[in-house]
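Everything below concerns the one structure shown next.
The values are calculated or read from the model by the stated rules, or taken from the named source; none is laboratory data. Fair warning: this is a prediction, and the values are worked out from it, not measured in the lab. Cβ placement follows ideal geometry from the backbone for every residue including glycine, while neighbour counts extend to all protein chains displayed. For accessibility, only protein heavy atoms count, side chains too; no ligands or nucleic acids. Shrake-Rupley method; radii C 1.70, N 1.55, O 1.52, S 1.80 Å.
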Amino acid sequence: TIVLSSFAATLLLILSFSAVQLLGVDHSLPPVHDVHQAILHGGGMSHLRGGHVSRNDHIWIRSDSQPFNEESVATKATHLIIVAGHSVLVSGDVDKAAFDESVWFLLDYQRNRGLPQAIVSHIQAGIQLALEDDKSLLVFSGGETRARTGPETEGGSYFRVADALELWDGHDAVQDEGDESPNLQSTRLRKGGAGPSIHKQSTVRARTITEEYATDSFENLLFSICRFHDVTGSYPEKITIVSFSFKQERFESLHAGALQWPIARFDYVGVDPPSSTGFDLNESSEGEKRNSLVPFTSDPYGCHTELLQQKKKERNPFARTPPYDLTCPEMKELLHWCGPELIPKASVPW
């Protein structure tokens with residue numbers, strides 16, 4: 001009975017679509033064969049997008065997806081790798097995340113600057129670093145920063161892109177789209193001049209988490225350290241940050257210094273989109289100096305400067321309160337330290 005009912009439904013749809021196509025009412029409708037295939041595969045009409053059958057292209061969590069902390073690989077980590085977030089997804093077309101601006105929520109100053117290429121390149125760089133060190137924990141950091149997008153996080157969006165584009169083995173989605181390679185301002189990912197390596201037995205997905213409260217770069221670093229502690233029960237022996245090259249001084253000199261983090265245990269990988277995307281390094285560097293370096297130099301914890309405080313407020317539209325006082329009690333003094341003098345070394349747990 002079930003087989004006959006399915007056949008009857010399929011036949012009815014085929015006849016209906018055939019009649020519509022013969023009458024020429026709407027040539028954008030999918031071919032009859034595609035409709036039939038969608039039904040046979042259990043997708044029904046809901047799987048027909050843009051005149052074609054999606055064939056489950058947008059389903060990226062499968063029965064064989066690697067579970068977090070499989071064989072305790074995450075809890076054994078000693079190296080923290082942080083990818084700082086810059087935007088959130090606003091489209092289901094995640095397969096276009098490496099080149100289509102409409103997939104991301106971008107402010108006016110971020111448009112026509114190669115942001116999609118930059119974001120995916122940052123994700124890929126973080127994964128590549130994690131592939132090189134099986135004792136690393138990768139953290140995509142960034143909170144619910146945009147009121148218009150709803151409570152979507154930057155960290156969660158980055159993880160979703162890594163899943164959807166199947167980046168966990170070192171696959172390069174940016175070059176696959178025919179774009180120029182990103183500019184890496186670090187030799188860490190260019191040893192021997194080789195490109196990204198593919199690892200079929202990658203465990204990176206099992207060693208990747210998100211941090212979903214950070215509203216600025218200082219919190220990307222501070223809160224990710226706490227997330228590392230949440231997973232491993234200890235603080236990292238080494239930290240590597242992935243972001244734009246022009247932000248290196250901010251992270252390396254100001255933020256790490258404000259946390260009293262030893263510079264010998266800190267590394268930075270700067271990844272910029274190619275200039276052909278509209279990205280202008282000189283222009284970005286000038287904006288960095290004016291909007292971040294100068295205010296953070298006099299206000300290392302971002303507590304007193306109106307500009308930095310306004311940014312934090314705008315990037316926390318849903319009034320989220322980080323839980324790190326509870327999960328990292330050893331960091332409580334640091335989490336609330338406002339300076340402007342640096343916190344004493346004796347007050348940090350590393």
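Taken over region 186-218, the criterion of being modelled with pLDDT of 95 or more, open to solvent by less than 30 Å² (accessible area, probe 1.4 Å) and more than 18 Å from residue 65 (Cβ to Cβ) is satisfied by 211, 214, 215, 216, 217, 218. Yes or no: region 243-266 includes at least one residue that is crowded, with 22+ Cβ neighbours inside 10 Å and β-branched (Val, Ile, Thr). Checked region 243-266: no residue is crowded, with 22+ Cβ neighbours inside 10 Å and β-branched (Val, Ile, Thr). Only helices (runs of 4 or more DSSP H) whose full extent lies in region 289-350 are considered here, and the ones with at least 2 residues that are open to solvent by 40 Å² or more (accessible area, probe 1.4 Å), touching a helix residue (DSSP H, G or I) at 6+ places or on another chain (Cβ under 6 Å) and within 18 Å of residue 225 (Cβ to Cβ) are 324-327, 332-335.
I'd like to know if region 237-249 contains one or more residues that are over 25 Å from residue 312 (Cβ atoms) and among the aromatic types (Phe, Trp, Tyr). No, every residue in region 237-249 fails to be over 25 Å from residue 312 (Cβ atoms) and among the aromatic types (Phe, Trp, Tyr). Of the residues 272, 280, the single one that is under 21 Å from residue 129 (Cα atoms) and acidic (Asp, Glu) is 272.
Conditions (1) in a helix (DSSP H, G or I); (2) of a type outside the set (Val, Ile, Thr); (3) over 14 Å from the mean Cα position of the chain (by Cα), marked per residue:
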residue	(1), (2), (3)
87	no, yes, no
92	no, yes, yes
102	yes, yes, yes
109	yes, yes, yes
118	yes, yes, no
124	yes, yes, no
129	yes, yes, yes
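Residues of region 79-99 that are in contact with a helix residue (DSSP H, G or I) (Cβ under 8 Å, 6 or more places away or on another chain) and open to solvent by 30 Å² or more (accessible area, probe 1.4 Å): 90, 91, 93, 95, 96, 99.
Scanning region 131-153 for residues that are buried (at least 23 other Cβ atoms within 10 Å of the Cβ), of a type in the set (A, V, I, L, M, F, W, C) and more than 14 Å from the chain's Cα centre (by Cα) gives a single hit, 137.
Among what's in region 131-170 and is part of a strand (DSSP E or B) and touching a Phe, Trp or Tyr at 6+ places or on another chain (Cβ under 8 Å), pick the residue that is farthest from residue 280 (Cα to Cα). Steps first, answer last, please.
So in region 131-170, the residues part of a strand (DSSP E or B) come out as 136-141.
Among the residues that remain, those that are also touching a Phe, Trp or Tyr at 6+ places or on another chain (Cβ under 8 Å) are: 137, 139-141.
Numbers: 137: 32, 139: 27, 140: 25, 141: 25 Å.
Out of the qualifying residues, it is 137.
Name the single residue, out of those in region 215-249 being charged (D, E, K, R) and part of a helix (DSSP H, G or I), that is farthest from the chain's Cα centre (by Cα). So that I can check it myself, show each step before the final result.
Applying the first criterion (charged (D, E, K, R)) to region 215-249 yields 216, 219, 227, 230, 237-238, 247, 249.
Next cut, part of a helix (DSSP H, G or I) only: 219, 227, 230, 247, 249.
On the way: 219: 16, 227: 16, 230: 20, 247: 17, 249: 22 Å.
Checked region 215-249; the qualifying residue farthest from the chain's Cα centre (by Cα) is 249.
Working only within region 226-242, note down all residues that are surrounded by fewer than 19 Cβ atoms within 10 Å (Cβ to Cβ) and among the hydroxyl-bearing types (Ser, Thr, Tyr). Selection gives 232, 234. Scanning region 215-242 for residues that are in contact with a Lys or Arg (Cβ under 9 Å, 6 or more places away or on another chain) and small (Gly, Ala, Ser) turns up just one, 217.
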